[in-house]
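Have a look at the structure below, then the notes.
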Amino acid sequence: KYKDVEPTLKIKEVDGLELVKKFSEQMESMLRRKVEAVERLVEAAEDADLNHEYNSSLEFDYYNSVLINEKDENDNYVELGDEFILEPNEHFNNLLVNTTYSDIQLPTNVYNKDPDILNGVYMSEALNPIFVDNFERDPTLTWQYFGSSTGFFRLYPGIKWLPDENGVISFDCRNRGWYIQAATSPKDIVIIVDVSGSMKGLRMTIAKHTIITILDTLGENDFVNIIAYNDYVHFIEPCFKGILVQADRDNREHFKQLVDELQAKGVGTVNKALTESFKILREFRDAGQGGLCNQAIMLITDGAVEDYEAVFEKYNWPDRKVRVFTYLIGREVTFAPNVKWIACNNKGYYTQISTLADVQENVMEYLHVLSRPMVINHDHDIIWTEAYMDSALFASQAQSLLLMTTVAMPVFSKKNETRSHGILLGVVGSDVPLRELLKLAPRYKLGVHGYAFLNTNNGYILSHPDLRPLYKEGKKLKPKPNYNSVDLSEVEWEDQDEILRTAMINGETGYLSMDVKVPVDKGKRVLFLTNDYFFTDISGTPFSLGVVLSRGHGEYILLGNTSVEEGLHDLLQPDLSLANEWIYCITDIDPDHRKLSQLEAVIRFLTGEEPDLECESQ
């Protein structure tokens, strides 16, 4: 067959750098559409807030995602649970959704008729038409949502939310990575915890829970360390003495185990611990390391007696570059003025935590303080999260385990009278399935052993053929604990000197070649190949794209020299099917093209019936 057609074939060399730049531009324009959708939502939310007068006695019925379609014993719909039409939608993994309306989810510990909640929900009704309009403009959009600083979560399309087996709804949008990253900038934090004898018992339990809650608000762009003090100062992980470490998942989990083992004894002297913390933060700041943005000390104690003014004078005044947040543990109020003084004189915030139930709300306050300068300047930073699985969002109806990234943006109050207070209203976000991105780097252009991969500016993989995020437990597939913090060096392990990793983290454009071993046939055989790696950044995002082509057969593409008539003749055969994962024509932008299969789209493009279709010309 090949010999018959050989004279009409052309063999063309693939230019890897040109290819990776072209893919990157296409990805950038796809991601830019997501950003524009989020920007429209932010603008609508801020305008709605500007025009909304707070009314403490507001009466308002909204769709509560847990109560919708629920009836009482007299067959009437319960309050906040009106009829809400749900239909399966293949775009949302066949979940039952309502694409005309969003609905509201509230964690169990938030009262659903609280005036703050009612006003926020009423004000954010203005987002409904924007959600629908965004989805019509760009049908590759998936979930769009608004997480409010008061605790409610408005989700489009609306779904029915089911509580867990204990009847509790623990999902709180304010704890999610996308919310925290968008609400604050990168931060360096030293947590100081009092482990003197007076902290025994319940106080110690509350203190530990407070530290763990603070750790949960940190992510890959933050740096942290924890110091425990009584008669002397000790770093709870001796290996991290005198430094800050990246608050990635592994380090956070390690700290949590060590926090759990802390015991209270001795007498507390806070000065040495404060001095040590200020020194670390200053060293990192001067060396240009760490988050290079906010710096803070979290002091967790049941009281401070000694004279600590000298420490602040020496290390933090007059510039006050480091904020100090204080958490007074227990019901005792004798030391409250001292502990409050520390926070208020160092641009921080003071809270008293007397029960375990208070921890969450009180810890969240520090995020508002850290976000205040952003809010006052109205810096709408766009953030992109690392890859995560959407099952976390819908723990109630985990259907598919798709890797996602979220684009999010903060929403601020524009009201003149509160502008200087810097009020954060919440965060708007939208999910982007990574497989949609990779469709833009189709396999047929990369040759038989070629592949494309994406990673973040922290070196973590977003998508890679060797990333295996799931494991089997019985018959169930579950995500591995650290599936979203797998480093590029763990899969491209031939990159021993981390040349590829470093270049991609820095967002450079370039190429290098490496000898690699590729397992085939389910790991039974190994091929020894030389691969060329081409990489570039995707501008406007923290991501980099890599394309790998194998030397030899992977560097050439076979081009037929068939006339349109001959090609159409072949395509119109009744028993013909196209390789389904390959994308030849872009059919999901223009609403008229959405119903077309790839084969129908190619035929219409070739016959000139649809000149507007964007298709691959070769």
Checked the range 488-507 for anything under 13 Å from His464 (Cβ atoms) and open to solvent by 30 Å² or more (accessible area, probe 1.4 Å); matches are Ser489, Glu490, Trp493, Arg501
Pairs returned, first residue in the range 12-28 that is touching a residue at least 40 places away in the same chain (Cβ under 8 Å), second residue that is crowded, with 16+ Cβ neighbours inside 10 Å and aromatic (Phe, Trp, Tyr), beta-carbon separation under 7 angstrom, 6 or more apart or interchain, are Gly16/Tyr511; Gly16/Phe534; Leu17/Tyr511; Leu17/Phe534; Leu19/Phe534; Val20/Phe534; Val20/Phe535
Out of the residues in the range 298-315 that are open to solvent by less than 10 Å² (accessible area, probe 1.4 Å) and aliphatic (A, V, I, L, M), which is nearest to Leu218 (Cα to Cα)? Met298
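Determine whether Ser550 is surrounded by 13 or more Cβ atoms within 10 Å (Cβ to Cβ), modelled with pLDDT under 85 and within 21 Å of Lys445 (Cα to Cα).
no
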What about Gly459, is it at pLDDT 85 or above, surrounded by 22 or more Cβ atoms within 10 Å (Cβ to Cβ) and not hydrophobic (A, V, I, L, M, F, W, C)? no
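Can you tell me how many residues in the range 316-339 are under 34 Å from the mean Cα position of the chain (by Cα), at negative phi and surrounded by fewer than 21 Cβ atoms within 10 Å (Cβ to Cβ)?
2
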Taking only the range 9-26 into account, find how many residues are surrounded by fewer than 12 Cβ atoms within 10 Å (Cβ to Cβ) and assigned to a helix (DSSP H, G or I). 1
Of all residues in the range 195-214, count the ones that are open to solvent by 50 Å² or more (accessible area, probe 1.4 Å), hydroxyl-bearing (Ser, Thr, Tyr) and within 29 Å of Arg174 (Cβ to Cβ). 1
Please tell me if Gly177 is open to solvent by 10 Å² or more (accessible area, probe 1.4 Å), within 22 Å of the chain's Cα centre (by Cα) and either in the same structural domain as Asp260 (by the TED database) or within 30 Å of Phe278 (Cβ to Cβ) (or both). yes
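Looking at this structure, is Phe535 surrounded by fewer than 20 Cβ atoms within 10 Å (Cβ to Cβ) and assigned to a strand (DSSP E or B)?
In short, no.
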Out of the residues in the range 251-297 meeting the condition of being surrounded by fewer than 14 Cβ atoms within 10 Å (Cβ to Cβ) and of a type in the set (D, E, K, R), tell me which one is nearest to Asn458 (Cα to Cα). Glu253
Met409 vs (1) touching a Ser or Thr at 6+ places or on another chain (Cβ under 9 Å); (2) under 22 Å from Gly177 (Cα atoms): all pass except (1)
Which of the numbered conditions does Thr355 fail, given that it passes all the others? Conditions: (1) open to solvent by less than 40 Å² (accessible area, probe 1.4 Å); (2) more than 30 Å from the chain's Cα centre (by Cα); (3) of a type in the set (Ser, Thr, Tyr). (1)
Give the residue, chosen from Glu53, Glu46, that is in contact with a Leu (Cβ under 9 Å, 6 or more places away or on another chain) and charged (D, E, K, R). Glu46
Give the range 73-87 a look and list any residue that's open to solvent by 60 Å² or more (accessible area, probe 1.4 Å) and assigned to a loop (DSSP other than H, G, I, E, B), or say none. Glu73, Asn74, Asp75, Asn76, Glu79, Asp82, Glu83, Ile85
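Go through the range 35-44 and count every residue that is more than 14 Å from Asp133 (Cβ to Cβ) and either crowded, with 21+ Cβ neighbours inside 10 Å or hydroxyl-bearing (Ser, Thr, Tyr) (or both).
1
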Hey, could you check the range 93-103 for residues that are part of a loop (DSSP other than H, G, I, E, B) and within 23 Å of the chain's Cα centre (by Cα) and say which is nearest to Asp47 (Cα to Cα)? Ser102
Among the residues of the range 440-456, count how many are surrounded by 18 or more Cβ atoms within 10 Å (Cβ to Cβ) and either closer than 16 Å to Thr385 by Cβ or of a type in the set (Lys, Arg) (or both). 4
Residue count, the range 144-171, condition within 21 Å of Thr385 (Cα to Cα), open to solvent by 10 Å² or more (accessible area, probe 1.4 Å) and in contact with a Gly (Cβ under 9 Å, 6 or more places away or on another chain), comes to 1
Any chance Gly510 is in the same structural domain as Pro469 (by the TED database), at pLDDT 80 or above and open to solvent by less than 80 Å² (accessible area, probe 1.4 Å): yes
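The values are calculated or read from the model by the stated rules, or taken from the named source; none is laboratory data. Everything quoted here is computed from the prediction, not taken from an experiment. Positions of Cβ are generated from backbone atoms using ideal geometry, with glycine treated the same way; all protein chains shown enter the neighbour counts. Accessible surface is based on the protein model in full, side chains and every heavy atom, while ligands, DNA and RNA are left aside. Shrake-Rupley method; radii C 1.70, N 1.55, O 1.52, S 1.80 Å.
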